[in-house]
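Rule-based calculations on the coordinates, nothing more; no lab input. Since the model is a prediction, treat every value here as computed from it, not as a measurement. Virtual Cβ from ideal backbone geometry, glycine too; neighbours counted across all protein chains shown.
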Amino acid sequence: MPARVDARTAREFLRDVQPFLTIDRPQLVFDLSQVVRLDAAGVEMLLHCMSQAHRRDGDLKLASLSPQSAVVLELTRTERLFEIYDSCTDAIRSFSGFLPNAMRLQLLDRRHPPTATAA
Amino acid sequence: MTTDIRALLLVPPAAELPEGKALPISPALLDVAGATPLQRMAERLTRQSANAAIALVSANALPQSCVVAPENLEYRLASPRQFWRAAEDVFNEMVEAGAEQVLVISLRQYAEVDIDGLVRFHLERKGQVTQVSHGADVLDIFCVSGSRRNDAAVLFRSHLAEDRGHCQFFHHDGYVRPLATARDLRQFAIDILTLKTETQPAFEQIRPGVWAGPDALIEKGARVLAPAFIGAFAKVRAGAVITRCSAIEHHAEIDCGTVVENSTVLPYSCVGAGLDLAHSVVGTGRIDNLRRNVIAEIADPKLIHYVSPASFGRLRRSAFDFVTYLPRQAWRGLFGTSQPQPVRQEPQPRPASPAGPAREMEPSAEFPANLAVVRRYGHQ
C-alpha cells in the first residue's frame, strides 16, 4: 500500500484492486509496511475491501503493519477485525489451506524437491 | 534573621533525544492534572523558603500561543542560543537586587525537594554551591550563594554540568520524575492521580478519585472512572469512557463513544467519536503510543484535531461551521463520495484466474509465481 493513505490515494488504490475483489473467492494480502500515514478514509477503504472479499467467499488479510498504521487501526478499533501477520509470506501461507490441489502440490514440490533414487 | 532567597527556574532547550522522541513542547510547560510542572515547582517554592521566583524559558520550548505567564512567578523568554547567557544575567540581576541565596532549578526533572532543608544545609555548611543528589545520581538543582558569581558563571556556561569544585551535596530521597518524553509525562500524571506525590491534582474532587476543573462538561451517559482528571472547560461527550488514570486537560474534548484508557489528552486537543485511545499521549496533532513506543502524526480531523487556543479563533470557527452547515450538507448530498462507491459491472464470464497472468511476471524469491502481486510501492 502507498505511504500515505488518505481519501484520494485510497480511491486510487481501490481502483487498482477492484478487479481482484470481483473474482470468485478473492484472497488478498495488503502489505502495510510502507504506510506512514493512515486516516479514516484509508481505514474505511480497508473495511470496504474486506466486506467485498467476504461477500465473494474470500478474505483480506493485512501484513507487515507499520507502527503508524498499527496505531491508527488500534485507535479506530479495527485491528481486531482483520487477520494481521508479521510478513506477507505468513499471510499468504495462511491461505494455503484453501488452495486448489494443483497449487498445493506445486508448493510442496518446491519445498521438498523429489530426490533422485539409484536404480 | 531572614535570608533573601530567590529562585531561578530554567526550562532549557529540549535535550537531545532520538529523532521524534522529544515532545514539540517542553514537558515542563505541559499541563499534568491541571497544572504544569513549572507551576507546581513555583507553588512549592512559594510555600517554602523562596521570596520570589523567575522562570526563564527557552523560546523554542513552546509555540507562541502558549506563552501565558503563571500567576505566582515572573516569566521570561530567551532564545535557545542565548539561553544560558540569559540565565547568568538573571542570576546577576537577582544578586544585585539583594538575593543572598539563589536556588537554580532546571525543569528537566520534577523533584519534590525539601527547599527549607536544602537552604538550611547550605547555610549551616557555609556552602558556596550545594547540589541536590538522589541516590547515585545528581539533580540539576542548586543552591548558590549570591557572592559566588564566578561559580554561578561556570555552572551556567557548562549548562549545569560542571562546577569549580566547591560543590557539596544535599541528599534527597523523595519524589523525582524526569521530564523529557511523553512517557515521563504520562507517568507523572499517573503518580499525581494515585497520590504518590505531594503535589495534588488541581481543582476539586467531584467524587473520590475524580477531579474536575471549572466548567468541565461531563455529559449524561459518559463514564469517568477513578482515578481520573478532567480539566477546566474540557468536554466529555455522551457514551465516552475515561478510565485508568487518564487526564483530559483543559479545553480538550472527547467525542461520543470514545474510550480513553491510561492516556493523557493535552490541552485544546479533540479526540473523535467511537475511538479507542489507550496508553497514549495525544496532542499537537500526534499520538505518542507508549505501549508500541511509536509516534503517529494524525492529520485527519475525524480522528484527532487541535483547536485554536485563541477564543476568537474558536468563535470564528463555530460561526463558520454554523453558517456553512446547510450548504455543506447540500453539497455532500449532490456530489459527495464519502463512501467508496461500488463498481457496477455487467455480468461477464468468469475472468481468468490471477494465477494465469502472473506466470508471465518475473518470479519473486518471496512469492510463488502463481500468485499475483497487484502493485508494489517503493519509497514515496
- Note on the structure: Label model pair A:Arg55, A:Arg11: point-to-point distance (7 angstrom along the Cα→beta-carbon line) in nm is 2.0 nm
- Task: Check the straight Cα-Cα distances from B:Lys302 and name the lysines below 18 Å, setting aside those fewer than 8 residues away within the same chain.
- Result: B:Lys235
- Could you work out the mean count of beta carbons from other protein chains within 10 Å of each residue's beta carbon in B:295-305? 5
- For segment B:203-306, report the translational diffusion coefficient in µm²/s to the nearest whole number, using Stokes-Einstein at 10 °C, 1.306 mPa s, and a Kirkwood Rh over Cα pairs. 122 µm²/s
- Can you check how the C-alpha radius of gyration of segment B:126-214 compares to 2.2 N^0.38 Å, as a plain ratio? 1.47
- Rounded to 0.05, the calculated FRET efficiency for the beta carbons of B:Ala273 and B:Leu225 at R₀ = 22 Å is 0.65
- Note on the structure: Rounded to 0.05, the calculated FRET efficiency for the beta carbons of B:His166 and B:Gln82 at R₀ = 25 Å is 0.40
- For segment B:203-306, what relative contact order do you get, as a whole percent, if you take Cα pairs closer than 8 Å and at least 6 residues apart? 16 percent
- Item | Proximal aspartates and glutamates relative to B:Lys196, as straight alpha-carbon distance under 20 Å, when same-chain residues fewer than 8 apart are discounted | B:Asp31, B:Glu43, B:Glu112, B:Asp114, B:Asp173, B:Asp184, B:Glu204, B:Glu249, B:Glu261
- Mind giving me the FRET efficiency for B:Glu198 and B:Ala299? R0 is 51 Å, r the Cβ-Cβ distance, nearest 0.05 is fine. 0.80
- Going by how many other beta carbons lie within 10 Å of each one, how would you line up B:Val282, B:Val132, fewest first? B:Val132, B:Val282
- Note on the structure: Taking every alpha carbon pair in segment B:77-133 and sorting the distances into 10 angstrom bins from 0 up to the bin holding the longest one, the percent per bin comes out as 19, 43, 34, 4
- Query: So what is log10(I(q)/I(0)) for segment B:5-178 at q = 0.08, 0.18, 0.19 1/Å, when the Debye sum runs over its Cα atoms only?
  - Reply: -0.22, -1.20, -1.36
- Item | Average beta-carbon neighbours from other chains, 10 Å sphere, peptide A:84-95 | 1
- What percent antiparallel are the DSSP beta bridges of segment B:203-306, to the nearest 5? 35 percent
- Dividing the alpha-carbon radius of gyration of segment A:4-111 by 2.2 N^0.38 Å (N being the number of residues), what value is obtained? 1.11
- Item | Relative contact order for segment A:4-111, counting Cα pairs under 8 Å that sit 6 or more residues apart, in percent | 27 percent
- Task: From other protein chains only, count the Cβ atoms within 10 Å of every residue's Cβ in B:272-281, then give the mean.
- Result: 3
